[in-house]
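Undergrad: Next up is a structure, given as structure tokens.
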Amino acid sequence: MNRAPGARGNGYHCLMGHSHPHRRASHHAHHEHHAHDAADRHSHGSAPSSQRTLIAALALTLAFAAVEAVAGWLAGSLALMSDAGHMVTDSLSLGVALIAATIALRPPSARMSYGYSRVEVLAALFNAGFMVAVILLIGWNAALRLRAPQPVDGQTVLWVAALGLGVNLLVAWVLSRGGDHKHNLNTRGALIHVLGDALGSVAALIAGAVIHFTGWTPIDPLLSIGICVLIAGSTWRLAREAIHTLMEGVPGSMSIADVGRRMAGVDGVIEVHDLHIWSMDSRSPALSAHVTVADLADWPRQLVELRALLERDFAIGHATLQVETARHATVLVRDIAGRGRLH
């Protein structure tokens, strides 16, 4: 395979410093149409299922939140009331997720050419922020309870917490089975809320048992604080991934160096540069790149091969490729530490 002047190793240079990840060129108009269709199918295929799942989860969560709130108030248990409050906030987060999933179904328009799929990422970020507020509120009330312990009806806490754990596990099962939580940040955010509820129910269950059999009431706020710490870790991971997507970072499961090398390995391709990979949501990666070829007459074949490679091996259905000939290409090599060449 021919090499660009100054090329080394895989024979391509990636100019990461450029600020045009959405640049389009006329050389690839027919490819862009195909890729856009593929991206639409990729991003909207699971949306109806996600909506149904969120509706079911919302109904179950709201129904039990009311029961647990009343029982917690009557029993005087912070762990039980915290869990009930957490379930109420989950209902809000599930409602936000449901609205986002509905908006994401809207097709692209003249003003929103990419569609609305990124709304789901915004909803995930909102849910993460809301969870931070819940954690701080529960932590504050737990500190007050430690300073001034309150009487707690351990037996009521025990039975209601056991029932709440069953409801939360059912909701988590519904979300994990039908909500595409591995690839949908929106549904994953809702699932984290529900799993946090399940942990809260476990804490309330333990607190109820300890108080019922020993009478030691500080266990109630102490377990509430422990659950807040566990939830904070999952919330941080969700927020970090949502921010990464909004900043148009390279999807976590993908190596930009690997993609560039594979593209540069197509017969007749001399160089791949200005390579950018980002994602409109948590399921739909997109790519843009300049491809330098030895002979422009070979470009139709190379375009087909590149498109097939990207979709088959990297699940990139939306790719924008600008072709250049070797005699017009400008080769610029930078050190990797300066965000230049990728080895």
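The values are calculated or read from the model by the stated rules, or taken from the named source; none is laboratory data. Since this is a predicted model, take the numbers as computed values, not measurements. Reconstructed Cβ throughout: ideal geometry from the backbone, glycine too, with neighbour counts over all protein chains shown.
Undergrad: Mind listing whichever residues of the stretch 93-118 are in a helix (DSSP H, G or I), free of Cβ contacts under 8 Å to residues at least 60 places away in the same chain and among the hydrophobic types (A, V, I, L, M, F, W, C)?
TA: Of everything in the stretch 93-118, those that are in a helix (DSSP H, G or I), free of Cβ contacts under 8 Å to residues at least 60 places away in the same chain and among the hydrophobic types (A, V, I, L, M, F, W, C) turn out to be 96, 98, 99, 103.
Undergrad: Within the group 161, 123, 142, which residue is among the hydrophobic types (A, V, I, L, M, F, W, C), at pLDDT 85 or above, under 31 Å from the mean Cα position of the chain (by Cα) and surrounded by 21 or more Cβ atoms within 10 Å (Cβ to Cβ)?
TA: Sole residue among the options that is among the hydrophobic types (A, V, I, L, M, F, W, C), at pLDDT 85 or above, under 31 Å from the mean Cα position of the chain (by Cα) and surrounded by 21 or more Cβ atoms within 10 Å (Cβ to Cβ): 142.
Undergrad: Quick check on the stretch 267-283. Is at least one of its residues small (Gly, Ala, Ser) and assigned to a helix (DSSP H, G or I)?
TA: no
Undergrad: Would you point out the residue of the stretch 221-255, among those that are among the charged types (D, E, K, R) and in a helix (DSSP H, G or I), that is nearest to residue 314 (Cα to Cα)?
TA: Checked the stretch 221-255; the qualifying residue nearest to residue 314 (Cα to Cα) is 241.
Undergrad: For the stretch 321-340, state whether one or more residues are at negative phi, modelled with pLDDT of 90 or more, outside the structural domain of residue 101 (by TED's automatic domain parsing) and within 29 Å of the chain's Cα centre (by Cα).
TA: Looking through the stretch 321-340, at least one residue is at negative phi, modelled with pLDDT of 90 or more, outside the structural domain of residue 101 (by TED's automatic domain parsing) and within 29 Å of the chain's Cα centre (by Cα).
Undergrad: Quick one: what pairs do we get from the stretch 238-258, first residue more than 13 Å from residue 121 (Cα to Cα), second crowded, with 18+ Cβ neighbours inside 10 Å and of a type in the set (D, E, K, R), C-beta under 8 Å, 6+ apart or different chains?
TA: 252/241
Undergrad: Failed condition for residue 131, given (1) in contact (Cβ under 8 Å) with a residue 60 or more places away in the chain; (2) more than 17 Å from the chain's Cα centre (by Cα), with all others met?
TA: (2)
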